Amino acid sequence: MTEKQRPNVVGKGRAFARDALVAIAEVKAGSSKLSAGAQDKISSLSDKGAELEKILKMPFIGTIKAGEMAYDLTEAAAALKAAVGAGDEAKSLELVASMASEVDKFVHTTRTFVVRMT
């Protein structure tokens, strides 16, 4: 398995996470083309995004790992936005499911992060 190529993500976790939140909000606003079930899943993803917004001030967000996770979320949100814009419901549902688990993982990792001082 190859490592994803990412730009320099050091200290950019907050910015990437905020970009992902903005994209998720735009997707929710533009999801009227999709079925009611898909709109519900996008709405639940938006609710998970609200949890993500609550943790943006925690220390983990400044780490490289958080930057990588937030960058991946931003990329997935951009792909979701494109799929919803094109009206591709199958692709949208697939992306929503993967993003929901990524957001949960990000929130869990951030909340359980312990700053070690030596």
Under unit Cβ charges (Lys, Arg +1; Asp, Glu -1), what dipole magnitude, rounded to 20 debye, does the chain have relative to its Cα centre?
-> 460 debye
Degrees separating the helix 89-112 axis from the principal Cα axis of the chain, which is the longest one = 20 degrees
CD proxy at 222 nm, helix term only [per DSSP H run n ≥ 4: -39500 (n - 2.57); per residue of the chain; nearest 500] = -24500 deg cm²/dmol
Inter-label distance for residue 57 and residue 39, nm, one decimal - labels placed 7 Å from Cα along Cα-to-Cβ = 3.5 nm
Cα pair count fraction exceeding 21 Å, expressed as % - the chain = 36 percent
Cα-based helix-to-principal-axis angle, 64-86 vs the chain, degrees rounded to 10 = 10 degrees
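Bear in mind that the values in this text are calculations on the coordinates, not laboratory data. Because the structure is a prediction, the values reported are computed rather than measured. Don't worry about glycine lacking a Cβ; one is built from the backbone with ideal geometry, like all the others, and counts go over all protein chains shown.
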